[in-house]
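One structure is given below, encoded as structure tokens.
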Amino acid sequence: MDRAVLLLACVAPVVWCYSSGQVMDSCGDLRPHHSGLSPQAEAAPFTVTTDHSSYWPGQRLKVQLQAPASIPFTGFLLQARELGGQSPVGSFSLSAGAAQLLTCSQRPNSSVSHRSESAKTSIHVTWRSEADAGPIQFHASFVQNYKTFWVDVKSPVLTFVNGSTGASTGRPATPAAAAHPPAPPANNISSADCGVTKVCFSQPSDCDPAVSTDCYFMSAMMLSHSDAAVRYEMTGPSDGYVSFGFSDDQMMGNDDIYICGTDGGGLVQLQHAFSTGRTAPQALPLGNVSDVRASVQDGVISCSFTSMNTLSTQRTTGLDKSYHLLFAHGPSSSGRIQFHRATFISAEKVDISRPGLVREARWPHIIKAHGALMLTAWMTAGSLGMMVARYVKGVTKGQNLCGKDVWFLVHVAVMSVTVAATVIAFVLPFSYVKAWSGGAHPVLGCLVMILSFLQPILALLRCGPQHPLRFLFNWSHALNGLAIKALSVAAIFTGLKLIDSSPDRWLMKVMGGFVGWEVLFFILLDVHLKWNINIADTLESKMIVVGVLLMALFFLGNVTFLVALLVGIGMS
């Protein structure tokens, strides 16, 4: 028992030392000195990145340690060193509690380590350069557990910028130049040289991100000094991320993708991932990527970088293959991307080694048929059926056909067509995609389908006109119809947003006018109905004529809006 207590007393300080991050004995070789253990030989799944690819004296750089969500690290040690040097340079400052500053080589705050053994996926620190330095590189070691650790994971090399000339050199020209550093390098992403030296893919087609902030754009350019190096650019307005990928088909899944997104703390980071199409992308090591430049300005996120990674969709691998280009953008939360808000895909497979302008794929006819049927069902037939039940009922009272009121037969016929069109429209996209796609549109569509299916069933089970509880059916039938109408309008708006790639989003504007037109005539016809109840018999025929004219005008305008939207869908 005494030996066990003595052993614990001896070992505990060592264990506490490692977990607390006080690892000054690792300052030189960056090894955690876990007794008898060697670092992992394979490439680390972690990355060290900076927000600029060059620096000048006194500049502050943001440095990020990033891990895949599925492979967190518990400990780390970070330093900046001159290229080829063994001692830390510069000094760090912190803004978060997961890290602490260390003194290495008698330089205060020259290194950063962990504070505890808690799992970490991202660390952000700020490094300040010295007045006299050269090309540098950030070096980090990561500890996953006591037996598993990686040593000397490096960032891309940062070149030193001469303060007076803006050229990359080893030292500043004069002390005065250091007092007036140049502006940090900008991404300067534009459509210049598209089709000449680089492949470009954008929405709207042929937009220039240097001119318009409402431009989603990506480009790829093979660098002349290497057969494997490709310079990529991507930019677009987003509140979370923009991304592009390579796919063997026009469906999401089995895609090699790069993501440029905010981390929740004001930094923009580049991520490499593999998309399965049905779940969040699987994070991959950033790999052989250099000269990363990332920024967010006025809501526009931009990244440019050079990659020597081969492309892999698991089915095909290599830079000499042709792939469909995918572009997606959407929100993020604490650095984790959420389901995309919109995507666009290339019409044909693209070989990125051959400069050219890439055309966006048009929506499949089956998806266009889905949209056309839903518009016809709930913005024309459904509206007409609802108006007949509310406004024509009083005008045609006493007129029967086959023992039923004429208004009732018209209402049943029109609404039956509406429900049938809804069912067909609901089935079409699922038969094409063969999977559930996230977002608001399919959820709204499912609600419309469920309520539309219940409406005729409840109508068949209604009680007789003279039954004392008949009013319950009347109210529930009317309210359910109104709910379907509201949900269908929301579903159509979200659907049009997905397919409307026009520069001024004219489909959305036409749909807004469509809804406004319907609301206007519902109000006019309701006012007309109230007046019709209170007028004298001598004016009744005139009021009927006014009602018929209003209905006819409504129907003509309705059809005009419908035709405009159908044309727009056909052009998408």
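What the table below lists for this structure:
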read-out: Flag for residue 78 being free of Cβ contacts under 8 Å to residues at least 12 places away in the same chain, assigned to a strand (DSSP E or B) and farther than 18 Å from residue 159 by Cα; value: no
read-out: Residue list for region 398-441, filter: at pLDDT below 70 and assigned to a helix (DSSP H, G or I); value: 433
read-out: Residue match in region 161-181 (condition: within 20 Å of residue 72 (Cβ to Cβ) and either modelled with pLDDT under 80 or of a type outside the set (Gly, Ala, Ser) (or both)); value: no
read-out: Some residue of region 94-106 being in contact with a Cys (Cβ under 9 Å, 6 or more places away or on another chain) and among the hydrophobic types (A, V, I, L, M, F, W, C); value: yes
read-out: Failed criterion for residue 514 (all others in (1) assigned to a helix (DSSP H, G or I); (2) surrounded by fewer than 12 Cβ atoms within 10 Å (Cβ to Cβ); (3) of a type outside the set (S, T, N, Q) hold); value: (2)
read-out: Unique match (being in contact with a strand residue (DSSP E or B) (Cβ under 6 Å, 6 or more places away or on another chain) and within 30 Å of residue 60 (Cα to Cα)) among 202, 219, 275; value: 219
read-out: Some residue of region 345-352 being on the phi > 0 side of the Ramachandran plot and within 23 Å of the chain's Cα centre (by Cα); value: no
read-out: Of all residues making up region 81-102, the number that are within 16 Å of residue 126 (Cα to Cα) and in a strand (DSSP E or B); value: 10
read-out: Region 329-373, residues that are part of a strand (DSSP E or B) and within 23 Å of residue 280 (Cβ to Cβ); value: 329, 330, 331, 332, 333, 336, 337, 342, 343, 344, 345
read-out: Exclusive hit being modelled with pLDDT under 65, in the same structural domain as residue 293 (by TED's automatic domain parsing) and either out of contact with any Asp or Glu (no Cβ under 6 Å at 6 or more places or on another chain) or on the phi < 0 side of the Ramachandran plot (or both), set 247, 226; value: 226
read-out: Selection count where residues are of a type outside the set (D, E, K, R) and part of a loop (DSSP other than H, G, I, E, B), scope region 448-464; value: 3
read-out: Whichever residue in region 216-265 is of a type in the set (Asp, Glu) and in a loop (DSSP other than H, G, I, E, B) and, among such residues, is nearest to residue 336 (Cα to Cα); value: 263
read-out: Positions within region 465-485 being without any contact (Cβ under 8 Å) to a residue 24 or more places away in the chain and either part of a helix (DSSP H, G or I) or aliphatic (A, V, I, L, M) (or both), in sequence order; value: 469, 470, 471, 472, 473, 474, 475, 476, 477, 478, 479, 482
read-out: Residue in region 12-26 that is in a strand (DSSP E or B), at pLDDT below 85 and not basic (Lys, Arg) present; value: no
read-out: Residue check for residue 488: closer than 20 Å to residue 440 by Cβ, modelled with pLDDT under 90, of a type outside the set (A, V, I, L, M, F, W, C) and part of a helix (DSSP H, G or I); value: yes
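A quick yes/no check of all residues on (1) of a type in the set (S, T, N, Q); (2) assigned by TED's automatic domain parsing to the domain that holds residue 146; (3) in contact with a Phe, Trp or Tyr (Cβ under 8 Å, 6 or more places away or on another chain); (4) in contact (Cβ under 8 Å) with a residue 60 or more places away in the chain:
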site: 82; (1), (2), (3), (4): no, yes, no, no
site: 86; (1), (2), (3), (4): yes, yes, no, no
site: 89; (1), (2), (3), (4): no, yes, no, no
site: 105; (1), (2), (3), (4): yes, yes, no, yes
site: 111; (1), (2), (3), (4): yes, yes, yes, yes
site: 116; (1), (2), (3), (4): yes, yes, no, yes
site: 120; (1), (2), (3), (4): no, yes, yes, no
site: 124; (1), (2), (3), (4): no, yes, no, yes
site: 128; (1), (2), (3), (4): no, yes, yes, yes
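The values are calculated or read from the model by the stated rules, or taken from the named source; none is laboratory data. Just so it is clear, the structure is predicted and the values come from calculations on it, not from any experiment. Glycine also receives a Cβ, built like all others from the backbone with ideal geometry; neighbour counts cover every protein chain displayed.
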